[in-house]
Structure formats: structure tokens, C-alpha cells
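To start, the structure itself, in C-alpha cells.
The values are calculated or read from the model by the stated rules, or taken from the named source; none is laboratory data. This one's a predicted model, so the numbers in the text were calculated from it and none came from an experiment. We work out accessible area using only protein heavy atoms, side chains counted, and drop any ligands, DNA or RNA first. Shrake-Rupley method; radii C 1.70, N 1.55, O 1.52, S 1.80 Å.
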Amino acid sequence: MIDSELDEIYKFLAISDLLGSAGQPTEAQFEWVKEAGYEVVINLAMPTQPQALANEAEIVRGLGMEYISIPVVFNNPTSEDLDRATEALAANAERKCFVHCIANARVSAFIYLYRVLRLGIPQAEAEKQLLQVWQPNDVWAQFIATELAARMGKSEDSGESPTALQ
């Protein structure tokens, strides 16, 4: 029953037993997140977006889950944003984490990079889950390529794309 409820959350995707991603849940849907055993909620959305829940931190904490906010400007993701998100994921790797933004776009890109760069998941495998959610636009495809090149030591100008997302 709980899994089918989670599927009602916009673009929910179970990445693993300990990691799930989605778009913005409603207040009621956060109860499902808790019932599914999630212990940590990481929100990458800007709190000023119209779809954002103004009292999300209180809702999540009121349900007994930890709440981490890492606001990422959709059209301007930064290396620092990625560092903060991957550090939060790594620090909570043994706990069940639910990561969301508004449409699961920011999240899917950051989780892709976390899985490839920190967990050593092959790019093709991580990319399958990313593409289940969305095809990154030009800003995000470039961000992903730049971060992979910088962090994996590949040259963007080598003619060899570090990812098929471009």
C-alpha cells in the first residue's frame, strides 16, 4: 500500500532501498514518506517557488524526520550546491533519504552525479534512472558534463563526452 501511495507523489522514483527522489510532495504525502520509513528529507527546491510548501521544515520535523534544505537555483546550479547535496547524502548514506525539488529535475541530476562520483556507479547505469525522470536541458547537461570532467579528470575539449546526456 505504501509503495503505491509514494507513486502518487509527482515523479517519485525509488533509486535504492535507502534513497528515493521526487517532485514536491503535498503535506499529506509527507505522511506517506514517513510511513515508508524515510528518516531524512533533503529539499533542493527554492523556498520562494510557488509550488513550495511554506512550512515544509515544520511538517517534516513534526513527523519525526530530519529536514535538510539546500536551495538550488534551477537555471544556475553550482559546484558548491552539488558539494552540499553530495555531503548530505554521504553523511546519511546509512539512513533512508527522500530527496525532492519541485519536479525531480535538480534532484535527479544531483543524484546521478552523486552515484557516479561518490558511489562509483557506472555512468550508463546511473543515467538510466536519470532519464526515467527527465532529459536534462542544456543548462543541466552542461553542468553535468562540467562536473564529471572536473571531478573525474576528463577534458571537456577532448572530443570524448563524459556522458551521453549532451
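So for the stretch 1-99, averaging the separation of alpha carbon pairs under 8 Å that are six or more residues apart and normalising by length, what relative contact order in percent results?
Once divided by the residue count of the stretch 1-99, the mean separation gives 34 percent.
HN-Hα J couplings of the stretch 78-83 from phi, Karplus 6.51/-1.76/1.60, θ = phi - 60°, integer Hz, Gly and Pro as x?
10, 4, 5, 4, 4, 4
Report the accessible area of I111, computed with a 1.4 Å probe over the heavy atoms of all protein chains in place, in Å² rounded to the nearest 10.
10
Any idea what log10 I(q)/I(0) is at q = 0.12, 0.17 Å⁻¹ for the chain, Debye with uniform C-alpha scatterers and no solvent?
Ignoring solvent entirely, the Cα scatterers give -0.50, -0.98.
For the chain, what is the accessible area per residue in Å², given a 1.4 Å probe and the full set of protein chains?
Spelled out: the 1.4 Å probe surface of the chain, per residue, equals 48 Å².
Averaging sequence separations of C-alpha pairs under 8 Å and six or more residues apart, then dividing by the length of the stretch 33-72, give the relative contact order as a whole percent.
So the answer I get is 56 percent.
Using a 1.4 Å probe and ignoring any ligands, DNA or RNA, find the accessible area of Y10 and quote it in Å² to the nearest 10.
120
Just how many % of Cα pairs in the stretch 40-111 lie over 16 Å apart, if you round to the nearest whole percent?
Cα-Cα pairs of the stretch 40-111 separated by over 16 Å account for 44 percent.
Quick one: work out the % antiparallel among DSSP beta bridges in the stretch 11-166, nearest 5.
20
Over the chain, what is the relative contact order in percent, taking alpha-carbon pairs closer than 8 angstrom and at least six residues apart?
Once normalised by length, the contact order is 23 percent.
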